[in-house]
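This report concerns only the one structure given below.
The values are calculated or read from the model by the stated rules, or taken from the named source; none is laboratory data. Just so it is clear, the model here is predicted, and its values are computed rather than measured. All Cβ positions, even for glycine, are placed from backbone atoms using ideal geometry, and neighbour counts span all protein chains on display.
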Amino acid sequence: MPGFETINQKELNQIKKIFTVGKGVLFRSGFDKLRGKSFQVNEFEKKFAKKFKSKYALAVSSGTAALRVALAAIGISRNDEVITQSFTFVATVEAIIESGAKPVCSEIDHTLNMCPYDLQKKITKNTKAVILVHMLGSPGYVSKIRNICKKKKIYLIEDTAWGIGGKYNNNFLGTLGEIGTFSFDFAKTITTGEGGMLLFSNKKYYLKAKAWHDHGHENNPKVPRWEDTRSSSGFNFRMTELQGAVGISQLKKFDNIYKKHRKNKDLIINKIKKFNEIELRTTPKNCRDAPESLIFSFKNKKLAHKFRQRLFKKGYSTKILPEALTWHFAGKWSHMKELNLKKNNFFKKSQNYLDRFVSLQIFYNMDKKYPQAIEQTIKEIL
């Protein structure tokens, strides 16, 4: 489960530095004489980039903001098309709409991520970028998608909101495209309450994103901020020092959180892998997932919902699949007229997959009875 399970005195101690060292400066930049050496957001960015082996990192106010800033950094604008996948959170498509571009969604495959074959079908002369979502912690066929983007000269952005710590061919998720985005909301593996991060390998996109998320400020060291240089407009998606302080503390705990999640997930897998009637989600070769969820499928929708109902009666719950699908499946987003759902035929292939799958939340402080409860519930409905 998310980083809020691990919040304790250490986060509070890091926040106190803002007031003891930084004299209460909550803004991420400027006020140098007053704040001393307290630059919490800057420190969080540097440590995050180092941890996940990226050249540049930019902290922002939310994971949704990270996606919007990423699109601005690569110059997405009106009349452009951006393709993402039908199984994601509404924020991915909302960011595309807010950029002025047209959102297009692909079908998913058994990885529950973007289907490379359907992606190829959806590409047009107006397609400028692809947002690949590592949905619920596991990557899809990244190499195939990267090759398609490279061949078509399309930008690749990774939505790694659920995928922090996962790897593909020994590279961290979020470092495989032009830009990787992360979320630190209260339900993510590490949290700052709200907050997000972008990773870049290209300095050009980093500098453009850094300015754009700060009203266009280029933070020119030769002039004071009120006379700062700028080359474009922007918006305000800055992270606060309070968020940065919590992020620093949470990042220190990440390795332990990841190991504990992996251990707890394996305990459940060992209990249920004997059931031939269920099938674990497909994970591509040479990758490791971010073990924040365990996902498997039944033969039909009825069994999936029956499992959820019985598990709920025992005091446990599932995650997104099947109960929160309306917020995570584009086929249900009739409120987003930009998607033109009739043209996309409501993503029937994706719907067939999602109807049969169940997602279990992996907790840091897992109830010792939880793996057995999962096993027993599967026995009951089969």
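Step by step: first the residues of segment 202-218, then only those that are out of contact with any Gly (no Cβ under 9 Å at 6 or more places or on another chain) and in contact (Cβ under 8 Å) with a residue 24 or more places away in the chain, then the one that is surrounded by the most Cβ atoms within 10 Å (Cβ to Cβ). Which residue is that?
The extreme case among them is A209.
Of all residues in segment 294-304 being in a helix (DSSP H, G or I) and over 28 Å from the mean Cα position of the chain (by Cα), which is surrounded by the most Cβ atoms within 10 Å (Cβ to Cβ)?
Taking segment 294-304 as the starting set, the residues that turn out to be in a helix (DSSP H, G or I) are 301-304.
From what is left, the residues that are over 28 Å from the mean Cα position of the chain (by Cα) are 302-303.
Details: K302: 12, L303: 18.
Result: L303.
Those residues that are assigned to a helix (DSSP H, G or I) and farther than 10 Å from I83 by Cβ, I need them from segment 98-119; list them, please.
Selection gives E98, P116, Y117.
Output the qualifying pairs, or none if there are none: Cβ atoms under 6 angstrom, residues six or more apart or on different chains, first residue in segment 280-302 and closer than 23 Å to Q351 by Cβ and of a type in the set (V, I, T), second residue surrounded by fewer than 17 Cβ atoms within 10 Å (Cβ to Cβ) and modelled with pLDDT of 95 or more.
Final answer for the pair search is T282/H110.
Inspect all residues belonging to segment 81-90 and state whether any of them is in contact with a Lys or Arg (Cβ under 6 Å, 6 or more places away or on another chain), in a helix (DSSP H, G or I) and crowded, with 22+ Cβ neighbours inside 10 Å.
No - not one qualifying residue is present in segment 81-90.
Of the residues F346, F307, which single one is at pLDDT 95 or above, assigned by TED's automatic domain parsing to the domain that holds K265, hydrophobic (A, V, I, L, M, F, W, C) and part of a helix (DSSP H, G or I)?
Answer to the check: F307.
Please enumerate the residues belonging to segment 349-382 that are of a type in the set (S, T, N, Q), assigned to a helix (DSSP H, G or I) and out of contact with any strand residue (DSSP E or B) (no Cβ under 9 Å at 6 or more places or on another chain).
Scanning segment 349-382 gives N352, Q372, Q376, T377.
Given the conditions (1) touching an Asp or Glu at 6+ places or on another chain (Cβ under 7 Å); (2) crowded, with 20+ Cβ neighbours inside 10 Å; (3) β-branched (V, I, T), and given that I97 satisfies all but one, which numbered condition is not satisfied?
Only one criterion is unmet by I97, namely (2).
Quick one: which of A95, A66, A57 is touching a Leu at 6+ places or on another chain (Cβ under 8 Å), small (G, A, S) and assigned to a strand (DSSP E or B)?
Every option except A57 fails the conditions.
D118 - would you say it is surrounded by fewer than 24 Cβ atoms within 10 Å (Cβ to Cβ), of a type in the set (D, E) and either at pLDDT below 95 or touching a strand residue (DSSP E or B) at 6+ places or on another chain (Cβ under 9 Å) (or both)? Steps first, answer last, please.
Details: surrounded by fewer than 24 Cβ atoms within 10 Å (Cβ to Cβ): yes; of a type in the set (D, E): yes; either at pLDDT below 95 or touching a strand residue (DSSP E or B) at 6+ places or on another chain (Cβ under 9 Å) (or both): yes.
Yes: the conditions hold for D118.
In this structure, does A245 turn out to be in contact with a Gly (Cβ under 9 Å, 6 or more places away or on another chain), surrounded by 14 or more Cβ atoms within 10 Å (Cβ to Cβ) and at pLDDT 95 or above? Give the steps one after another, and end with the answer.
Numbers: in contact with a Gly (Cβ under 9 Å, 6 or more places away or on another chain): no; surrounded by 14 or more Cβ atoms within 10 Å (Cβ to Cβ): yes; at pLDDT 95 or above: yes.
No, not satisfied.
Residues being part of a loop (DSSP other than H, G, I, E, B) and not hydroxyl-bearing (S, T, Y): count how many of those fall in segment 69-79.
Residues in segment 69-79 being part of a loop (DSSP other than H, G, I, E, B) and not hydroxyl-bearing (S, T, Y): 5 in total.
List every residue pair whose Cβ atoms sit under 6 Å apart, with the two residues 6 or more apart in sequence or on different chains, where the first one lies in segment 55-67 and is assigned by TED's automatic domain parsing to the domain that holds S183 and the second, anywhere, is in a helix (DSSP H, G or I) and among the acidic types (D, E).
Qualifying pairs under 6 Å: A57/E45; A59/E45.
Based on this model, can you work out whether L280 counts as in contact with a Ser or Thr (Cβ under 9 Å, 6 or more places away or on another chain), within 16 Å of P371 (Cβ to Cβ) and not acidic (D, E)? Walk me through it before giving the result.
Values: in contact with a Ser or Thr (Cβ under 9 Å, 6 or more places away or on another chain): yes; within 16 Å of P371 (Cβ to Cβ): yes; not acidic (D, E): yes.
Taking the combined requirement at face value, the residue satisfies it.
Residues checked against (1) under 24 Å from K342 (Cβ atoms); (2) under 15 Å from the mean Cα position of the chain (by Cα):
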{"position": "A95", "(1), (2)": "yes, yes"}
{"position": "C105", "(1), (2)": "yes, no"}
{"position": "C115", "(1), (2)": "yes, no"}
{"position": "G140", "(1), (2)": "no, yes"}
{"position": "K153", "(1), (2)": "no, no"}
{"position": "G163", "(1), (2)": "no, yes"}
{"position": "G166", "(1), (2)": "no, yes"}
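Go through segment 1-29 and report how many residues are over 14 Å from I248 (Cβ atoms), among the small types (G, A, S) and surrounded by 14 or more Cβ atoms within 10 Å (Cβ to Cβ).
1
State all residues of segment 13-38 that are in a loop (DSSP other than H, G, I, E, B) and without any contact (Cβ under 8 Å) to a residue 40 or more places away in the chain; if no residue qualifies, say none.
Residues of segment 13-38 that are in a loop (DSSP other than H, G, I, E, B), as a first pass: 21-31, 36-38.
Matches in segment 13-38: V21, K23, G24, F31, G36, K37.
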